[in-house]
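Each remark here refers to the structure printed beneath this line.
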Amino acid sequence: MGQDHKDASMQIPALLVACLSNALIPFLGASVNIALPSIGKEYGANALILGWIQTAFLLAAAVCSVPFGRIADIYGMKRVFSYGTLLITVALFFGAYAPSAYWLIFFRVLQGIGGGMIFVTSLAIVTSVFPLQARGKEIGIVIATTYGSLSIAPALGGTMTHYLGWRSLFWGMIPIGITTLLIVHWKLRGEWAASKGESFDFKGAVFYSIALVLIMYGFSLLPGLEGTVLVLLGIVIMAGFVRLETRTETPLLNVRLFKNKTFAFSNLAALINYSAVFMTPFMLSLYLQYIRGLDPQAAGMILVTQPIIQTIIAPLAGRLSDRINPQKIASLGMAISAVGLFSLIFLAADTPIYHIVGSLVVIGTGFGLFSSPNTNALMGSVEKRFYGVASAMVSTMRLLGQMLSMGLVLMVFAIHIGTARIAPANYPALQFSIDNVFSIGTALCFVGIFVSLARGRHQAA
């Protein structure tokens with residue numbers, strides 16, 4: 001099968017596997033957020049360890065995204081997608097039996113590697129099988145599925161954790177992984193490998209991975225000296241990676257793509273948006289369960305607000321971005337998110353629940369308006385042969401943004417709470433940390449408005 005096939009019979013199966021995989025990953029993240037206090041109670045883990053249960057997944061996925069995006073372009077998107085789905089399914093099984101917090105973090109790393117392989121290929125497969133004029137709509141559907149999963153994750157995850165224990169969250173996702181593998185095997189024929197026969201830049205992959213690990217891990221140790229040294233070392237190695245890529249005939253990441261203004265600023269806008277917004281359910285989960293004393297089920301019912309709104313808005317914004325400049329829609333979304341985050345800066349122990357729900361409605365609206373148009377603009381700004389790399393960058397910016405968001409959380413926790421377990425004596429420090437994190441998120445979103453407005457409109461052939 002050719003690299004540019006548009007077999008209509010594969011469009012529905014391709015969209016289905018993309019939706020299933022993009023439902024599995026967000027559910028894991030959002031439901032584990034709700035379960036963190038229960039996990040901490042079972043393992044006796046402090047706030048930093050609880051943060052790393054989420055951060056380990058994101059770091060592993062971010063490190064793997066660009067290398068596996070390139071591998072997918074060379075050896076086939078379907079192949080990488082299938083192996084990633086298999087890995088995350090197996091890691092879910094073993095994660096359900098994790099005997100300690102550190103073993104759980106290890107299995108979260110394996111889940112993150114599988115998630116990275118899925119992230120970089122699912123969107124590229126959809127982009128490859130659907131024609132240009134329908135792409136925004138289908139991207140909107142995939143993103144809406146992501147938000148749909150996020151919608152049910154807090155409520156369903158909270159209920160499962162409350163009645164069945166947090167390990168049921170991993171068990172419950174295994175059938176989705178198996179179903180996805182079966183559909184890929186039976187319904188998706190041929191392969192997508194736009195760069196078949198080209199060599200893989202192994203040296204670039206090593207530079208990239210080491211730099212990212214150092215930067216992200218070091219960021220979580222800031223403002224300490226060790227964290228500063230690791231971040232600076234990671235930046236130096238990343239600069240070496242960029243220099244290496246400009247001299248490599250078949251680079252891991254074609255850095256020349258960033259000369260495309262739309263591509264560059266769309267990536268930067270996504271990075272800022274996820275950095276600002278991602279920590280919202282994590283912080284509110286801790287706030288609602290520790291400071292407000294709600295159980296996982298009740299907290300989940302509140303947190304479900306944001307993803308429900310995102311699920312409604314995302315496909316509408318995706319279709320709208322096929323007709324209106326995505327830059328304007330995405331920038332409006334960023335501004336609305338900033339307003340929602342600002343309203344959470346002033347949380348207190350007696351803040352009305354309707355205030356929290358209202359803030360989540362605003363954030364969900366802004367995020368839904370931003371995500372689909374921004375992704376459509378990014379994917380539409382490159383040629384077909386760069387779809388794998390572009391999809392990888394979409395995933396990488398999302399994952400890096402999520403990592404930076406959690407890195408901010410870990411840094412604030414380290415400053416105000418340290419390694420102490422979260423207990424009533426530490427609730428004032430926890431509350432102060434929450435307020436600080438939402439202040440930083442508001443500032444990032446405000447900057448992101450101007451970054452989103454800075455790009456031009458460019459549509460590749």
Note to self: Longer than 32 Å from Cα to Cα, which of 203/259; 196/259; 78/328; 259/328 are they? Say none if no pair is.
What the structure shows: 78/328
Checklist line | Helix-only mean residue ellipticity at 222 nm for the chain, each DSSP H run of n ≥ 4 adding -39500 (n - 2.57), per residue, nearest 500 | finding: -26500 deg cm²/dmol
Note to self: Leaving out ligands and nucleic acids, and using a 1.4 Å probe, what accessible area per residue does the chain come to in Å²?
What the structure shows: 37
Check: Where Rh denotes the Kirkwood radius from the mean inverse Cα pair distance, what is Rg over Rh for segment 285-334?
Finding: 1.24
Check: On the accessible surface of segment 170-269, probed at 1.4 Å, how many percent belong to carbon and sulfur atoms?
Finding: 70
Next item on the list: Run the dipole for segment 16-142 about the Cα centre, Lys and Arg Cβ at +1, Asp and Glu Cβ at -1, nothing else charged, and hand back the magnitude in debye, nearest 20.
Entry: 160
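For residue 325 and residue 259, calculate 0.36 nm times their separation in residues minus their Cα-Cα distance, and state this gained length in nm to one decimal.
Contour length minus the Cα-Cα distance gives 21.8 nm.
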Next item on the list: With a Förster radius of 35 Å, plug the Cβ-Cβ distance of residue 415 and residue 206 into 1/(1 + (r/R0)^6) and report the FRET value to the nearest 0.05.
Entry: 0.60
Next item on the list: Determine, for each peptide in 266-276, 176-186, the mean count of other beta carbons within 10 angstrom over its residues, then list the peptides with the highest first.
Entry: 266-276, 176-186
Item checked: Kyte-Doolittle mean at least 1.6, axial Cα span of 20 Å or more - DSSP H helices of the chain -> 202-221, 225-246
Margin query: Modelling each spin label as a point 7 Å along the Cα-to-Cβ direction, I'd like the residue 295/residue 439 distance in nm, to one decimal.
Written below: 3.6
Note to self: So for each of 222-234, 362-374 I average, over its residues, the number of other beta carbons within 10 Å; can you give me the resulting order with the highest mean first?
What the structure shows: 362-374, 222-234
Notebook entry, point to check: Hey, with R₀ at 45 Å, roughly what FRET efficiency would residue 242 and residue 86 work out to, going by the Cβ-Cβ distance, to 0.05?
Noted result: 0.85
Next item on the list: State to the nearest 20 debye the size of the charge dipole of the chain about its Cα centre, where the only charges are +1 on K and R beta carbons and -1 on D and E beta carbons.
Entry: 840
Check: Rg and Dmax of segment 210-300, using alpha carbons, in Å: what are they?
Finding: 18.8, 58
Note to self: Between residue 163 and residue 250, what's the calculated FRET efficiency when r is the beta-carbon distance and R0 is 41 Å? Round to 0.05.
What the structure shows: 0.20
Next item on the list: Rank by packing, highest mean first: peptides 336-349, 79-92, 305-318, 199-212, with packing defined as the count of other Cβ atoms within 10 Å averaged across residues.
Entry: 305-318, 79-92, 336-349, 199-212
Item checked: Ratio of Rg to Rh over the chain (Cα coordinates, Kirkwood Rh, two decimals) -> 0.94
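Provide the net charge surrounding residue 72, with neighbours chosen by a C-beta distance below 9 Å and charges set as Lys +1, Arg +1, Asp -1, Glu -1.
Once all neighbours under 9 Å are counted, the net charge is +2.
The values are calculated or read from the model by the stated rules, or taken from the named source; none is laboratory data. All values derive from a computational prediction rather than experimental measurement. Using ideal geometry, Cβ is built from the backbone for each residue, glycine included, and neighbour counts are taken over all protein chains shown. Note: accessible area is taken over every heavy atom of the protein model, side chains too, but ligands, DNA and RNA are not part of it. Shrake-Rupley method; radii C 1.70, N 1.55, O 1.52, S 1.80 Å.
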